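Nothing in this text is a laboratory measurement; each read-out follows from the coordinates by a stated rule. Here the structure is a predicted model, which means the values were calculated and not measured. All Cβ positions, even for glycine, are placed from backbone atoms using ideal geometry, and neighbour counts span all protein chains on display.
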Amino acid sequence: MSTVTGNKPLSAYDGGEGDSSAADEDNIEKQRLRTRTPPASEALKRFFVLDLTRVRSGPTCVRQLADWGAHVVKVEMPEAADGAKLGGPRGGPDFQNLHRNKQSLSLNLKSEEGKAVFRKLAARADVIVENFRPDVKARLGIDYDTLSKDNPGLVYASISGFGQDGPYKERPGFDQIAQGMGGLMSITGKPGEGPMRVGIPIADLSSGLLAAQGILIALLEREVSGRGQWVQTSLLQAQVFMLDFQGARYLLNREVPKQAGNNHPTSIPTGVFKTADGYMNIAVAGQVIWKRFCQAVGRGDWATNPDYETPEQRSKNRDALGAEIEAETLRDTTATWIARFNAAGVPCGEINDIGQVFEDIQVKHLGLAQPVKSHERGDTRLIGQPILMSRTPSRIAAPPPLCGEHSTDVLSELGYTPEEIENFRANGVI
């Protein structure tokens, strides 16, 4: 199957040994554009990605591509001209977490020379990802319609706060704003205590992950049609999508879900219960597990109690049942209950703080915290991909780059001379 870059179909670049005689001129040029950072995976290494993103949603998207081996060049303003938010300092946790496995080209897109360099790169790119406000890219002349004229195979992904058009398109987007407008805060927290955000930027993260999925869909479709397309999502769209069954409860039944604290809205009893030395989660779904639970707690009478016997009755008498359960769980430690419930086949689990998460034996076994040598921090660890692949695993192959760290390499491989590159640097283009 062929991939497409520019206006010609290409044999997929394999990045290793093999017969290069079959590669056409464009494919050879594409290979030359691959600079010296090793790919993080074999899976996507034939794709060349330009990263124009900032803060969190866009970088989350591009990190997915970089971690699976795509050759990513992060295009960022030269440090002297950079007034944009990066999502925290380069040595900070956010930046380190989001920008590994990438290369950096510093490029002033407000200058005509900088835009000319970018257009030259864009003509060879498989993917461009941006999360500017909707009008910015057109003003700079780097929008999809403009760039796809020279590169019909281009997959161009845009992430915004509220969409590329419509009545809210000019509003600035921010995760917590999307959480509120998208309904999540209305169902998070305890009843009567007011709306509550969740503890992670879920609109940012989910929009980035969905954009990455959209890019992969577009690349797969391109293998059939030979054409790229414009992929769009937004924080608001992603947040509404993530309502999932809570949104379905409204659309199908016109039921407006409310805050339920730690109680699951439909599976009862599911929630947080105190123990003799802390707290634990218990999840009892369905009649089979309910009966196992009653036996494990030593309260077989609950299984035939008319107030608790059916899911409908347990829902009606949720508070009374919860109080009875907690009276029992307070009699022993969390570890004891975890062992007892697991032996009985009742879903349960510890409630860990973040430090305890990374010391958990299963988390360690899964290898989620991966080593990397950061420019700014030295030997450290970052969270790796949560997907295991039998042949093409992901790894953290390179730390987040310094601003413009690979500018000379990228420009040289585009054909610019050392003198031209020095002039760019002297004139603030890079």
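Once the piece of chain linking Val256 and Asp165 is laid out straight, how much longer is it, given 0.36 nm per residue of separation minus the C-alpha distance between them?
Roughly 30.0 nm would be gained on extension.
From Cα pairs below 8 angstrom and at least 6 apart in sequence, can you work out the relative contact order of the chain, rounded to a whole percent?
Relative contact order, the chain: 20 percent.
Quick check: convex hull over the Cα atoms of the range 270-352, volume per residue in Å³, rounded to an integer?
77 Å³
Which one of Ile187, Val129, Leu411 is farthest out on the positive end of the charge dipole of the chain, using unit charges on Cβ (Lys, Arg +1; Asp, Glu -1) and the Cα centre as origin?
Value: Ile187.
For Ile383, put the label point 7 Å out on the Cα→Cβ axis and report which residues of the range 53-76 keep their amide N under 16 Å from it.
It comes to 56-65, 67, nothing else.
Only Lys, Arg, Asp and Glu count, each charged at its Cβ (+1, +1, -1, -1), so figure out the dipole size of the chain about its Cα centre, rounded to 20 debye.
Here the chain has a charge dipole of around 440 debye.
Determine, from the Cβ-Cβ distance of Ala285 and Arg133 and an R0 of 60 Å, the FRET efficiency 1/(1 + (r/R0)^6), rounded to the nearest 0.05.
Rounded to the nearest 0.05, the efficiency is 0.85.
Which values, in whole Å and largest first, are the semi-axes of the equivalent ellipsoid of the range 112-245 obtained as the square root of 5 times each eigenvalue of the Cα gyration tensor?
33, 17, 10
In nm, what is the difference between 0.36 nm times the number of residues separating Glu376 and Asp307 and their Cα-Cα distance?
Additional length available on full extension: 18.8 nm.
Averaging sequence separations of C-alpha pairs under 8 Å and six or more residues apart, then dividing by the length of the range 337-388, give the relative contact order as a whole percent.
Here the relative contact order equals 21 percent.
Once Lys and Arg get +1 and Asp and Glu get -1 on their Cβ, which of Val72, Thr60, His99 lies farthest toward the positive end of the dipole of the chain?
Of the candidates, Thr60 comes out farthest on the positive side.
Do the sum for the chain: with -39,500 (n - 2.57) for every DSSP H run of n ≥ 4, divided by all residues, what is the mean residue ellipticity at 222 nm, to the nearest 500 deg cm²/dmol?
Helix-only estimate at 222 nm: -10500 deg cm²/dmol.
Where in the chain are the DSSP H helices whose C-alpha atoms run 18 Å or more along the long axis and whose mean Kyte hydropathy is at least -1.0?
Membrane-span-like by this rule: 202-225.
Hey, what did the range 306-430 get for relative contact order, percent, Cα under 8 Å, at least 6 apart?
Once normalised by length, the contact order is 11 percent.
Using a Förster radius of 56 Å, what is the FRET efficiency between Ala116 and Phe241 based on their Cβ-Cβ separation? Nearest 0.05, please.
So, using R0 = 56 Å, E works out to roughly 0.90.
Between Glu223 and Glu359, what FRET efficiency comes out of the Förster formula 1/(1 + (r/R0)^6) with R0 = 51 Å and r the beta carbon distance, rounded to 0.05?
After rounding to 0.05, the efficiency reads 0.70.
Work from the charge dipole of the range 270-352 (Cβ charges, +1 for Lys and Arg, -1 for Asp and Glu, about the Cα centre) and give the residue of Phe341, Gly298, Asn317 farthest towards its positive end.
Phe341
Give me the Kirkwood hydrodynamic radius of the chain in Å, from all C-alpha pairs, to one decimal place?
24.5 Å
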